[in-house]
Amino acid sequence: MKVLVIGGTLFIGRALVEELVKGEHEVAVLHRKPKHDFGRRVDNIMADRNDADAMYEALSTRRFDVVFDNVYDWERGTTAEQVEATVRHLGDRLSRYIFISSVGAYGDGLNHKESDPLAPDYHAIPYARHKATTERLLFRMHAQTGLPLVTFRPPFVYGPGNPFYREQFFWDRLRAGRSIVIPGDGHRLMQFVYVNDLVAAMMRAMEEPRAVGEAFNIGDSKPITQVELVEKLARAANVEPVLARVPRDSIQQAGGNAMEEPFYFGEYFDLPPITENIGKVTRMLKVQMTPFETGLKETYRWYTRNHKPRTAGFEFDDKLLALAKTGSPASV
């Protein structure tokens, strides 16, 4: 099939493009750069997906069977209107339009089913608002025009090649014998999906007729706490972790921010919990989730071979560790 991947050069998109090429599909990648490193088998289309005119010029004379919409502009946001413009430039020959949304589309709350309402149009967090309003728009287009839509709502995606400073944040510190700062009591819930499982589901959605018109939660069935996350990351690295609990208000007063440097618990990792029920994706798309420990072992193997530390030092960690409660950090 002729397949377009919008945002195909990093992490999820890269893993997806590699699988599509293995499957002998005719693949094009649309991104903002004049070239990629996939080789001649993958076509390169340069355009800013937030620029409707540029997207029209790039896509108006091309036709695809399947489109994976896999990109979000973290600096400017990507709105429902911008996604709608992309869809309208793609013509009416599509057999699938597969949109990567997020668990964040629910806005907040735990244990969400796919049928639960998404975040309102006025939600305070732009990412949650954009993902939710975009999904609502796309499902209206599905109902009104027959757009062959499939959406996925992954939680935190992890795995080899992750460009976010997440798993690597902890391994840099664990391997250096550093204590790990735990925000608050460390009981905040997190949920994960292995990048290869997400890609496998995306590939299956190309072919499964029942997937059209459906949204899929995808990830590990059991959320874990922040403390459990650190324990599992440490186990993957064969290191005994040392934890230091620091109140969140103290972290904020010291200048800590979950969304930008200096990070104190991985990039974006200390956010209010949003979790989801998993089951539909395994029933309908026949995708089995990789056990978290197995996925972490594979990710750690990649890390030891490829990763370069993202920080020049641990000055901010030291600042926070000084704020920890009196006494030695608890050894776990």
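Can you confirm whether THR275 is under 16 Å from the mean Cα position of the chain (by Cα) and either of a type in the set (S, T, N, Q) or not in a loop (DSSP other than H, G, I, E, B) (or both)?
Taking the combined requirement at face value, the residue satisfies it.
Six or more apart or on different chains, Cβ atoms under 6 Å: show the pairs whose first residue is in region 47-72 and touching a residue at least 40 places away in the same chain (Cβ under 8 Å) and more than 17 Å from MET203 (Cα to Cα) and whose second is among the hydroxyl-bearing types (Ser, Thr, Tyr) and not in a helix (DSSP H, G or I).
Matching pairs, first to second residue: TYR72/THR78.
Table: residues versus (1) among the aromatic types (Phe, Trp, Tyr); (2) part of a helix (DSSP H, G or I); (3) touching a Pro at 6+ places or on another chain (Cβ under 7 Å); (4) in contact (Cβ under 8 Å) with a residue 24 or more places away in the chain.
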| site | (1), (2), (3), (4) |
| --- | --- |
| LEU147 | no, no, no, yes |
| THR151 | no, no, no, yes |
| GLN168 | no, yes, no, yes |
| LEU174 | no, yes, yes, yes |
| GLY177 | no, no, no, no |
| ILE182 | no, no, no, yes |
| GLY186 | no, no, no, yes |
| LEU198 | no, yes, yes, yes |
| ALA205 | no, yes, no, yes |
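Within region 71-92, is even one residue under 19 Å from MET1 (Cα atoms), out of contact with any helix residue (DSSP H, G or I) (no Cβ under 8 Å at 6 or more places or on another chain) and either among the basic types (Lys, Arg) or at pLDDT 95 or above (or both)?
Checked against the condition, which is being under 19 Å from MET1 (Cα atoms), out of contact with any helix residue (DSSP H, G or I) (no Cβ under 8 Å at 6 or more places or on another chain) and either among the basic types (Lys, Arg) or at pLDDT 95 or above (or both), region 71-92 yields no hits at all.
Please indicate, with yes or no, whether at least one residue in region 215-225 is in a helix (DSSP H, G or I), buried (at least 16 other Cβ atoms within 10 Å of the Cβ) and at pLDDT 95 or above.
Checking region 215-225: not a single residue is in a helix (DSSP H, G or I), buried (at least 16 other Cβ atoms within 10 Å of the Cβ) and at pLDDT 95 or above.
Test ARG173 against the stated conditions and say whether it is surrounded by fewer than 18 Cβ atoms within 10 Å (Cβ to Cβ), more than 29 Å from LEU118 (Cα to Cα) and among the charged types (D, E, K, R).
No.
Among VAL21, VAL27, VAL67, VAL5, which is modelled with pLDDT of 95 or more, under 24 Å from the mean Cα position of the chain (by Cα) and surrounded by fewer than 18 Cβ atoms within 10 Å (Cβ to Cβ)?
Of the residues listed, the single one that is modelled with pLDDT of 95 or more, under 24 Å from the mean Cα position of the chain (by Cα) and surrounded by fewer than 18 Cβ atoms within 10 Å (Cβ to Cβ) is VAL21.
Sort out which residues of region 240-258 are more than 18 Å from TYR158 (Cβ to Cβ) and not in a helix (DSSP H, G or I), and write them in order of number.
Result: GLU240, VAL242, LEU243, ALA244, ARG245, VAL246, PRO247, ALA254, GLY255, GLY256, ASN257.
Just give me the residues in region 252-270 being among the aliphatic types (A, V, I, L, M) and either exposed (fewer than 15 other Cβ atoms within 10 Å of the Cβ) or modelled with pLDDT of 95 or more (or both), in sequence order.
Hit for region 252-270 is MET259, nothing else.
Name every residue in region 286-297 that is assigned to a helix (DSSP H, G or I) and either modelled with pLDDT under 95 or surrounded by fewer than 18 Cβ atoms within 10 Å (Cβ to Cβ) (or both), in order of residue number.
GLU293, THR294, LYS297
Look at region 117-145 and say how many of its residues are assigned to a loop (DSSP other than H, G, I, E, B) and surrounded by 22 or more Cβ atoms within 10 Å (Cβ to Cβ).
2
Exactly one of (1) within 25 Å of VAL17 (Cβ to Cβ); (2) of a type outside the set (Lys, Arg); (3) over 19 Å from the mean Cα position of the chain (by Cα); (4) not assigned by TED's automatic domain parsing to the domain that holds ILE100 is unmet by ILE251. Its number?
Only one criterion is unmet by ILE251, namely (1).
The values are calculated or read from the model by the stated rules, or taken from the named source; none is laboratory data. No experiment lies behind these values; they were computed from the predicted model shown. Neighbour counts run over all protein chains shown; Cβ positions are idealised from the backbone, glycine included.
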